[in-house]
1. Could you tell me which label, among (1) 77, 76, 68; (2) 213, 89, 44; (3) 98, 61, 50, carries the value of Cα extents along the principal axes in Å calculated for this structure?
2. Which ³J(HN,Hα) values, rounded to whole Hz and listed in residue order, are derived for the stretch 667-672 from phi using the Karplus coefficients 6.51, -1.76 and 1.60 in 6.51 cos²θ - 1.76 cosθ + 1.60 with θ = phi - 60°, glycine and proline given as x?
3. Between Ser519 and Leu290, what length comes free when the chain is fully extended (0.36 nm per residue of separation minus the Cα-Cα distance, one decimal in nm)?
4. Given the rule -39500 (n - 2.57) for each run of at least 4 DSSP H residues, summed and divided by the residues of the chain, what is its mean residue ellipticity at 222 nm, to the nearest 500 deg cm²/dmol?
5. On a 26 Å Cα-Cα criterion, which of the cross-link pairs Lys345/Lys394; Lys186/Lys238; Lys228/Lys291; Lys632/Lys666; Lys448/Lys494 come out too long?
6. Can you list the HN-Hα couplings for the stretch 76-91, worked out from phi with the Karplus curve (6.51, -1.76, 1.60; θ = phi - 60°), rounded to whole Hz and with x for Gly and Pro?
7. According to the square roots a ≥ b ≥ c of the eigenvalues of the Cα gyration tensor, what is the shape class of the stretch 120-178, taking rounded for a/c under 1.5, prolate for a/b larger than b/c otherwise, and oblate for the remainder?
8. Please give me the summed charge of the neighbours of Gln441: other residues whose Cβ is under 14 Å from its Cβ, Lys and Arg +1, Asp and Glu -1.
Amino acid sequence: MLSFSIYRVLRLGIEVLRPEINNIVDKTQIVLSDVSDESLQAKTLLNIALTYSVLGDNDKFEKFLNKALKRAKKLVPSPLASIAYLEVIMGLIDFKKDRYLDDVIDEFLVSLAVTGDSEAIRDVFELYMDFLSESGRNVLIAESAISLYGIVEEELDELKRRTYEEIRTSLDYESQFYAKREVERKIEEFKEEIKKLIIKSLVLAFRELIERGDAEKIEELYSMAEAKIRFGPAILAKIAGIAARIRRGDMEIPENVLKEIKEMCDHHFFRAGVEEISEHIVNAFKEFTLKKPESLKKVLKKIGNDFMRSLILIGASEAYMANNDAKQAEKFLSEARSKVTSDDKFGVNAKDRVLGIIFDRALRNKMFKLAFESCSDINDMDDRMDNFLELCSKCDDPKIVENAKKRVFSIIDSNDSIDRYGLYIDLLEEHRDILDEKDVQRVLQKIKDSIKKISLKDWEKVYMIGNLLIFAIRFNQTNMIKDAEKWLEKATKKDPKSPEFHLKKEVILAKLVHAKGESAEEIANHIQKALQVLPELEYDADYLEMIAGALLNIYNEREDRDLLKPTIGKLIDMLARAKKSGAEVDSLYEDLVVLLPNLELHEFMPHLLTTAPLDVLDSEDTIDALVDALEKNMGGVLEKLYESGKPIHKALTKIATIRYNVRKEKFETIIPDLKETIELAENTRSDRATGIILYRVFQSLLV
């Protein structure tokens, strides 16, 4: 979102464009006409429209906005049309052009509906939800979801009519029956996906409306949704309405509302979305208990089921803590735990959510026994283990900590050998602070046992054995060091003529040399040997990522890290060879675009980017990395990329420079840089590269 002050600076700054903007845009449109990708055309035209908006030329803004929308419409029924419309919506919101929103959202929803692809509808609408939610427009999301359902229904009715006609004319009577039933089933499945979006969007809207205390809008949205989804949002709306009224200070809960909720609580649709507003219910009944404690018992009796009562009791517990009555607070919280665990009508996910709230409150208020008990009740193993680990780090009762650690070990031991090995490694790396000397010994022994139980030959487990030795060295465990050294020597003694073995051996030896504090030259030697094996493995992306991860982690931890820079260059050489061979290495390029600047290794960016795929060049991370180089006075990085690259690479340096100068309010070089970038776009051999350059260069004026 663009703040008013930034918007004002932007407007004042790009005033320098005003004398030449029309000529620049005319030239851009000529170049853009050769771009076949309508989506890139739409994004570029939108950015031109927004540039005119910043300059205060509303006529030109509307002209180019309409052009962008026409390009988006040409993409229908592809999901790319919906994404193009979404880009327009995001731009309009960022630049506070709300008066145009309704029409564009209508077109966006229609474009989604006509894709006929429920997965695409879900994915794109969730992007829409995320952006609008960040913009504080959750009610609009819900209204859009309800409208989308109506449009989808119309499309499905028409599709059903046409399909039935085809079935009638092409199949015998008996086959028609089964074919029609299959059509009905698929249509209902499609509708169910959209219903899920409505429930999800209602949750977001109701959360916002609870905070605003707007019970009337909750009722209005529910009424809109009820026509599309029977039962689902009813209980959610009623409970959200109570929370909203309490939030605005209305402590009277009508008897008829309590009765309605009680009746609904027995319906299986009760679970739809209610757990998603659990925190809001808790907060509401904290306020209720603080202001009207005498009515708490009546509400608990009449509200419906034990799940709801548990949320109310948590809120009451919060109220008593606020009044410094820790004993009563713990009593209510303990009772809440009993209620939620005893209610069989509610799903495990909902129970886990509420048990997580109880655990959080208990831990925060130093009710460690209750925190332990509520954690033990959580069904999801990952959540249970994470909470036990948090309890270990914050609890000051040694007995509870010891029991919590036992539970962690028990959860890890319930996995198979390979997962067990990985989880214990994670425990040592991420939670060393909760482990004493005996725990470390125990964990190392469990890692050793896990490796032994994996049904592979020792040479196939060389990487795991090496990791065991590294951790034994790190924690100065003499006996385990001796055992692991012997085991590693045995595992590496034979030469199985396997490239996988040799690669893993060299990587783990590099890590081992580092753990022992030995020379960087030796580390580099092992990494380079590992790189040399890659062609035999057809440049396997997973192994390349293994080498890169080990090398960059070691680089980050060493004082003599500069000695490893030549090896990083060789890694990027190998990455380029891997890409040329057809290996799937795009994700490693994406990772390195972020990691190299974070490690102050901007000097390798030109080498990386001149071999990178187009999708990697067309990313915010790439432009941000180049802007970061300018901010750190590493302008030579951009100069090197400009000199060594193709027009797309030269253009990226100009785009980053424009973005940097706009941010620094250095507007004097914008026009020459903009003109040169458009010329570079014209001279690319790829029309997609042309579109990317034009889209990104106008975007750089606005970010």
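The values are calculated or read from the model by the stated rules, or taken from the named source; none is laboratory data. None of these values were measured; they are calculated from a predicted model. All Cβ positions, even for glycine, are placed from backbone atoms using ideal geometry, and neighbour counts span all protein chains on display. Areas reflect the complete protein model, heavy atoms only, side chains present, ligands, DNA and RNA absent. Shrake-Rupley method; radii C 1.70, N 1.55, O 1.52, S 1.80 Å.
1. (1)
2. Result, ordered by residue: 9, 5, 9, 4, 4, x Hz.
3. 75.9 nm
4. When only DSSP H runs of four or more count, the value is -25000 deg cm²/dmol.
5. Lys345/Lys394; Lys186/Lys238; Lys228/Lys291
6. Running phi through 6.51 cos²θ - 1.76 cosθ + 1.60 with θ = phi - 60° gives 4, x, 5, x, 4, 5, 4, 5, 5, 4, 4, 4, 5, 4, 4, x Hz.
7. Since a/c reaches 1.5 and a/b is larger than b/c, the shape of the stretch 120-178 is classed as prolate.
8. Neighbourhood net charge equals +3.
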